[in-house]
Amino acid sequence: MDHTADDIGSAPLPTARTLRVRKSLIAQFGRFLAINLKMAKIIWKEHR
């Protein structure tokens with residue numbers, strides 16, 4: 001039996017605040033910078 005529809009139906013929905021943050025270009029840019037800085041730190045450590 002496939003219970004995929006039941007599993008999806010019981011998944012939590014994002015709050016209004018979560019949706020607003022996901023749509024915010026400023027928040028997206030901040031996350032983008034954070035991820036890139038983490039990657040740069042790792043790469044920098046490996047190339048020393």
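None of the figures in this text is laboratory data; all of them are computed from the coordinates on show. The structure displayed is predicted, hence computed values, not measured ones. Quick reminder, even Gly has a Cβ in these numbers, built from the backbone with ideal geometry, and neighbours come from all protein chains shown.
Values as computed for the structure displayed
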item: ³J(HN,Hα), Karplus 6.51/-1.76/1.60, whole Hz, each residue of segment 34-39, x for Gly, Pro; result: 4, 5, 5, 5, 4, 5
item: Extreme residue, positive dipole direction of the chain, given options His47, Pro12, Ile35 (C-beta unit charges); result: His47
item: Approximate spin-label separation Met39-Asp2, in nm, with each point projected 7 Å along Cα-to-Cβ; result: 3.6
item: From the coordinates shown, P(r) over Cα pairs in 10 Å bins from 0, in percent corresponds to which of [x] 21, 23, 23, 23, 9, 1; [y] 24, 29, 31, 15; [z] 25, 26, 19, 15, 11, 4; result: [x]
